[in-house]
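Enquirer: Please find one structure pasted underneath; my questions will follow.
Computed from the coordinates by the stated procedures, all read-outs in this text should not be read as laboratory data. Quick caveat, the model's predicted, so the values are computed rather than measured. With ideal geometry, Cβ positions are generated from the backbone for all residues, glycine too; neighbour counts draw on all protein chains shown.
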Amino acid sequence: MSQLFTYWTRTASRLGLCLVALLLAGCQSSMGPMNWDTGYRQMTTTDAAHESTIMPRLCQAGPDDAERVGLPPGCANDFNLQQMIVEPQDLVRGRAMGPAMGAPVADAANEYLNGRERANQRRALLEQEARNAMGTNATTSDL
């Protein structure tokens with residue numbers, strides 16, 4: 001019985017080691033890391049109109065060694081984002097951020113908590129004044 005258990009234990013550990021090696025081998029690639037240089041550039045046309053347009057940087061790739069112009073990964077994502085925004089200039093230079101949308105709620109909670117603290121301080125001060133006014137013989141029923 002113990003020999004059977006030892007056999008299955010060794011087999012399971014070898015199988016686990018093979019699976020780990022197989023998973024790690026899948027992480028190696030000859031492609032290398034991807035360069036995700038995202039962003040946008042403002043470009044002007046060369047015709048007489050000199051119109052200005054915005055282009056994703058990833059979509060401005062030149063031809064490769066075989067004279068093929070391909071679109072690198074990420075170009076479609078940047079182009080789709082460009083089509084979805086309202087103001088294209090936001091891609092080149094963003095807008096200043098306004099107040100946080102949760103600011104009124106945070107201010108109200110802060111006022112509530114600080115208001116309670118002020119009320120407790122005022123109550124303690126009034127109790128202290130009442131004790132001082134009643135003398136040392138005062139009890140809580142006298143307040």
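Enquirer: Modelling each spin label as a point 7 Å along the Cα-to-Cβ direction, I'd like the TRP8/THR38 distance in nm, to one decimal.
Expert: Roughly 5.0 nm, to one decimal.
Enquirer: R0 = 41 Å: FRET efficiency of ALA103 with ASN80, Cβ-based, nearest 0.05?
Expert: After rounding, the FRET efficiency stands at 0.80.
Enquirer: Could you calculate the FRET efficiency of ARG95 with GLU117 from 1/(1 + (r/R0)^6), where r is the beta carbon distance between them and R0 is 35 Å, rounded to 0.05? Write down the numbers at each step before the final one.
Expert: Working: r = 38 Å, r/R0 = 1.08.
E(calc), rounded to 0.05, equals 0.40.
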